[in-house]
Amino acid sequence: MIVRYSTYELPFIYPFTISKGTKTHQPTFVVKLEWRGQIGYGEAPAISYYDITTEKMAADLEQKKVAIERFALTDPERFWHFLHHLIPNNPFLISALDMAAWDLFGKMVNKPLYALWQLDKSRTQITDYTIGIDTPEKMLLKMQEKPWPAYKIKVGFDGDMELLTILRSKTDASIRVDANAGWTLDEALRKIPVMQELGIELIEQPLAKDDWEGMKVLFEQSPIPLFADESCVKESDVEICAGYFHGINIKLTKCSGITPARRMIKQAKSVGLKTMLGCMNESTIGSSALLHLAPMVDYLDMDGPLLLKEDLATGLIYDFGKVGFLEHRAGLGVVPIII
């Protein structure tokens with residue numbers, strides 16, 4: 001194989017604000033694996049609170065590039081295990097390479113990934129649309145600009161319940177909230193009854209990722225389903241979350257790729273956890289991987305391309321929460337445009 005990569009700073013349509021801070025651009029790493037004229041693409045966004053930058057991904061790839069190019073790609077899962085040992089401390093880079101390998105392998109056997117995995121793509125859930133933290137007026141404007149059947153609202157700040165009350169008064173859509181670990185246990189216990197009155201569908205990562213004592217209390221008292229995000233990063237976290245959360249949000253970049261994500265979904269179901277596929281503001285390249293996996297999960301959060309002013313590929317159609325492929329194509333099913 002021939003390995004190449006590029007880095008990008010993709011601008012958001014609106015500044016993207018969560019309880020951890022604000023950003024105007026999404027740093028993104030794209031890797032290309034080429035074999036006999038066919039190219040597989042993979043993407044990993046850089047997220048500051050996981051402390052892996054695009055520069056770190058590029059440096060680690062340069063260091064291991066020769067070994068990767070010598071690998072004979074006959075099975076993407078075997079390739080992931082090779083990468084897992086070769087690059088043990090960079091799940092973001094492994095995720096991009098794993099995605100590119102699946103894309104390339106799908107093209108080698110001339111099958112879309114969902115067909116390769118024998119999944120029924122008609123079972124895909126609708127995706128929510130994320131509204132970042134802003135003034136009530138601006139958040140309402142964003143909702144008016146994007147009428148959608150389900151919204152994810154970022155919370156975890158003073159006055160967030162008052163804001164939710166305003167937003168609920170203007171829409172009948174499903175509302176999911178994401179605190180990004182922004183509440184204490186006492187705050188969550190006070191706010192959950194308010195959210196129950198507002199008909200909130202689910203709550204994502206209400207407490208700090210390691211506040212297991214607090215999560216146990218919240219789990220036993222909350223009438224609203226609680227989903228782990230920062231508390232569920234890798235495969236070994238899944239079973240730990242059972243008894244503390246009702247579900248988990250699986251993100252390809254943090255768990256190190258498509259290969260472990262498929263195992264995590266099955267593992268979660270075996271211990272009674274609901275599953276969500278989440279995005280980290282990926283372009284159409286990374287989002288397409290989520291769509292292939294979507295028939296396996298209960299909830300879908302893959303609105304990255306809708307939040308970005310610039311995209312890196314074509315191939316997905318978004319229609320009032322429903323997501324589909326433009327054409328029946330092998331691999332990821334997308335066509336890069338500025339790679």
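A few points about this structure:
- Restricting attention to segment 102-114, the residues that are part of a helix (DSSP H, G or I) and open to solvent by 40 Å² or more (accessible area, probe 1.4 Å) total 3.
- Flag for THR130 being among the polar types (S, T, N, Q), more than 28 Å from VAL233 (Cα to Cα) and either open to solvent by less than 60 Å² (accessible area, probe 1.4 Å) or in contact with a strand residue (DSSP E or B) (Cβ under 9 Å, 6 or more places away or on another chain) (or both): no
- Selection from segment 64-99 of residues that are open to solvent by less than 20 Å² (accessible area, probe 1.4 Å), of a type in the set (Val, Ile, Thr) and over 18 Å from the mean Cα position of the chain (by Cα): ILE68, ILE87
- Restricted to segment 39-63, and to residues there that are open to solvent by less than 60 Å² (accessible area, probe 1.4 Å) and of a type outside the set (A, V, I, L, M, F, W, C), the residue that is farthest from ASP311 (Cα to Cα) is ASP60.
- Test: residue in segment 280-288 that is modelled with pLDDT of 95 or more and more than 15 Å from the chain's Cα centre (by Cα): no
- Cross-chain or 6+ apart pairs with Cβ under 7 Å, segment 215-244 first and in contact (Cβ under 8 Å) with a residue 24 or more places away in the chain and basic (Lys, Arg), then assigned to a helix (DSSP H, G or I) and open to solvent by less than 20 Å² (accessible area, probe 1.4 Å): LYS234/CYS255
- All positions within segment 170-196 that are surrounded by fewer than 19 Cβ atoms within 10 Å (Cβ to Cβ) and more than 26 Å from GLN125 (Cβ to Cβ): THR184, LEU185, ASP186, GLU187, LEU189, ARG190, PRO193, VAL194
- On the stretch given as segment 309-339, residues that are open to solvent by less than 10 Å² (accessible area, probe 1.4 Å) and among the aliphatic types (A, V, I, L, M) total 3.
- For first residues located in segment 155-166 and farther than 15 Å from LEU198 by Cβ and open to solvent by 50 Å² or more (accessible area, probe 1.4 Å), partners that are among the hydrophobic types (A, V, I, L, M, F, W, C) and in a helix (DSSP H, G or I) and lie 6+ apart or on another chain with Cβ distances below 9 Å form the pairs PHE157/LEU163.
- Within segment 117-146, tally of residues that are among the hydroxyl-bearing types (Ser, Thr, Tyr), farther than 26 Å from LYS266 by Cα and touching a residue at least 40 places away in the same chain (Cβ under 8 Å): 1
- Residue match in segment 44-56 (condition: part of a strand (DSSP E or B), at pLDDT 95 or above, within 21 Å of LEU116 (Cα to Cα) and not basic (Lys, Arg)): no
- Residue count for segment 28-38 satisfying the condition of being in a strand (DSSP E or B) and surrounded by fewer than 20 Cβ atoms within 10 Å (Cβ to Cβ): 3.
- Residue match in segment 145-152 (condition: over 30 Å from GLY331 (Cα atoms), touching a Phe, Trp or Tyr at 6+ places or on another chain (Cβ under 9 Å) and of a type in the set (A, V, I, L, M, F, W, C)): no
- A count restricted to segment 104-140 and to residues that are more than 16 Å from LEU293 (Cα to Cα), hydroxyl-bearing (Ser, Thr, Tyr) and over 19 Å from the mean Cα position of the chain (by Cα) stands at 1.
The values are calculated or read from the model by the stated rules, or taken from the named source; none is laboratory data. Note that the structure is a prediction, hence the values are computed from the model and not measured. Note: ideal-geometry Cβ built from the backbone for every residue, glycine included; neighbour counts use all protein chains shown. Each accessible area value is taken on the protein alone, full model and side chains, heavy atoms only, with ligands, DNA and RNA left out. Shrake-Rupley method; radii C 1.70, N 1.55, O 1.52, S 1.80 Å.
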